[in-house]
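Each value in this text was obtained by applying a stated rule to the coordinates, not by laboratory testing. What you are looking at is a predicted structure, and each value in this text was computed from that prediction instead of being measured. Every residue, glycine among them, receives a Cβ derived from its backbone with ideal geometry; neighbour counts consider all protein chains shown.
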Amino acid sequence: MRERRHPEQGYRSCLGILRLAKTFGRDRLEAACERALEINARSYTSLHSILKNGLDRQPRTRVTDEPGITHHNTVLYRRLPRLFDELELAHGDGRFPRLFRSLIKTDLLIFDDWGPERLNASQRRDLMEIIEDRYEAKSTLITSQLPVDTWHEVIGEPTFADAILDRIVHNAYRLKLDGQSLRKTKTKTLDETPVN
């Protein structure tokens, strides 16, 4: 009820849920409610779907006393070309300080698709500010198909390149992946699957 904007809406949802007992029975409704609470699905529609599909009758997975892997870290994923577009727009419409704060505060920032296009002056400046403010405070993960020794050329201006790469490269763990692309592997698997 607390999730509804108005108490009347919550009350009507509760009445709808209770009416499901007429169609499916009280025991099934109770089992469906337990399952819904486990998966954090707290709506009439979710309960009705659980009952309609018979999920209330399926054996539930055993809940252990030990918690699963939990963390309270924030993660933000951005493709670098799109992030630069977003930053450029944010400079123009006044959202830059808020966007910049979100990039700085997140515990793990993932930059995907580093390179191959050279950065312009605005992109270099923004990247430098982001990397500088996150340096030794938060984690940054960068993916690229380019070897690290070509990143200097991607940044372009030598002073910025030295400063940015000094903060990124010298304090980093590197994982070099070899082999075929997963996209090729998936395509090959689909091609080999017989069609009935």
In degrees, nearest 10, the alpha-carbon axis of helix 26-38 is tilted away from the dominant principal axis of the alpha carbons of the chain by 10
Taking every other residue with Cβ under 12 Å from the Cβ of residue 112 and scoring Lys and Arg +1, Asp and Glu -1, one gets +2
Ranked on Cβ counts within 10 Å of their own Cβ, fewest leading, 112, 27 go 27, 112
Residue span residue 27 to residue 82: 0.36 nm per residue of separation minus Cα-Cα distance leaves a gain in nm of 14.7 nm
So the number of lysine pairs in the chain with alpha-carbon atoms under 29 angstrom apart, 8 or more residues apart or on different chains, is 7
For the stretch 7-52 (alpha-carbon point model, no solvent) the Debye-based log₁₀ I(q)/I(0) at q = 0.15, 0.24 Å⁻¹ works out to -0.32, -0.80
Only helices counted: for the chain, with every DSSP H run of 4 or more residues adding -39500 (n - 2.57) and the sum spread over all residues, [θ] at 222 nm is -16500 deg cm²/dmol
Of 105, 138, 184, the most mobile residue in a GNM of the chain (C-alpha springs, cutoff 10 Å) is 184
Per GNM of the chain with C-alpha springs under 10 angstrom, the most fluctuating residue out of 70, 140, 45 is 45
Computed over the Cα atoms of the stretch 75-169, the Rg and Dmax in Å are 12.4, 36
Going fewest to most other Cβ atoms within 10 Å around each Cβ, 14, 33 line up as 14, 33
Quick note on 99, 175, ordering by fewest other C-beta atoms within 10 Å, gives 175, 99
Computed on Cα atoms only, the convex hull of the chain has an orientation-averaged projected area in nm² of 19.4
Between the Cα axis of helix 96-105 and the main Cα principal axis of the chain, the angle (0 to 90°, nearest 10) is 80
